[in-house]
1. How much FRET efficiency would the formula 1/(1 + (r/R0)^6) give for residue 174 and residue 20, where r is the Cβ-Cβ distance and R0 is 25 Å, rounded to 0.05?
2. Which residues does the label zone of residue 141 cover in segment 5-41, counting backbone N under 18 Å from a point 7 Å along Cα→Cβ?
3. Bin width 10 Å, alpha-carbon pairs only: give the P(r) of segment 88-144 as whole percents, running from 0 to the bin holding the largest distance.
4. What length, rounded to one decimal in nm, is gained on full extension from residue 6 through to residue 40, with 0.36 nm per residue of separation minus their alpha-carbon distance?
5. Alpha carbon centre of segment 25-64 versus segment 104-152: separation in Å?
6. Please get the size of the charge dipole for segment 92-163, origin at its Cα centre, with Cβ charges of +1 on Lys and Arg and -1 on Asp and Glu, quoted in debye to the nearest 20.
7. Can you tell me the order of 75-83, 156-164 when each peptide is scored by its average per-residue count of other Cβ atoms within 10 angstrom, highest first?
8. From the Cα gyration tensor of segment 88-183, with a ≥ b ≥ c the square roots of its eigenvalues, which class applies: rounded if a/c is under 1.5, or else prolate if a/b is larger than b/c, or else oblate?
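The values are calculated or read from the model by the stated rules, or taken from the named source; none is laboratory data. Bear in mind that the values here come from a model prediction, so they are computed numbers and not experimental data. Ideal geometry is used to build each Cβ from the backbone, glycine not excepted, and the neighbour counts take in all protein chains shown. The area values use the complete protein model at the heavy-atom level, side chains included, leaving out ligands, DNA and RNA. Shrake-Rupley method; radii C 1.70, N 1.55, O 1.52, S 1.80 Å.
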Amino acid sequence: YSGKLLGDDGIPMHNLKSASVGGGYRYDGIKFFQGDVKPEKILSPGEILMVNTDMTPDNRIIGQPIRVPSFYPKSICSHHMYHLGFECSATQTFVYQYFRIEENRELLANYSNGTTVSMLGSKVLKTVEIPLPPIQLREAFMEYRRDIDDKLDSNEMKIRNLSAQRDTLLPKLMSGEVRVQMD
């Protein structure tokens, strides 16, 4: 996607800045794409992306998985991310958490190549063996994680709403346009 088609609105686009060093989603890193998007490129909440490009010292974000937050009903990702598709959502949840463990993420980072910009080839992801527990355990783990992920997304929405209220009210309070009556 061309940089000239990025703006303040449009379809949310997950990118390198969306990945947090140490794991997780960086909410302030979202960009917005204003061009045409092919339907097959649209992501749904809960889908898993993985960083395939890194410009940080010591490859700190390459191989980092991110989960598409639930408050983005449709979004896309930049070419610096792989979209990891799974037939089973329980396996998806497990693999996401597996690569959130730093030692496991570093295993992928060791397969990257490049000097200034490190790249993780898609062939690596197709050949990496991940020890999977029985499906019953993956399903139980998925149910446990669903509550946590829902709470994370809910908290982020509350933070956004409170920040917007603060940004609206603070200038009015400072200018005297709005006054608070004290008893």
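1. Numbers: r = 32 Å, r/R0 = 1.30.
It comes to 0.15.
2. The answer is 23-24, whose backbone nitrogens lie closer than 18 Å to the label point.
3. In order of increasing distance, the bins hold 21, 45, 25, 8, 1 percent.
4. Working: separation 34, 0.36 × 34 = 12.24 nm, distance 1.98 nm.
Going from the current span to full extension adds 10.3 nm.
5. 15
6. Details: 10 positive and 11 negative charges, 41 e Å.
The dipole of segment 92-163 has a size of about 200 debye.
7. Values: 75-83: 19.3, 156-164: 11.2.
Top to bottom by mean Cβ count within 10 Å: 75-83, 156-164.
8. Verdict is oblate for segment 88-183.
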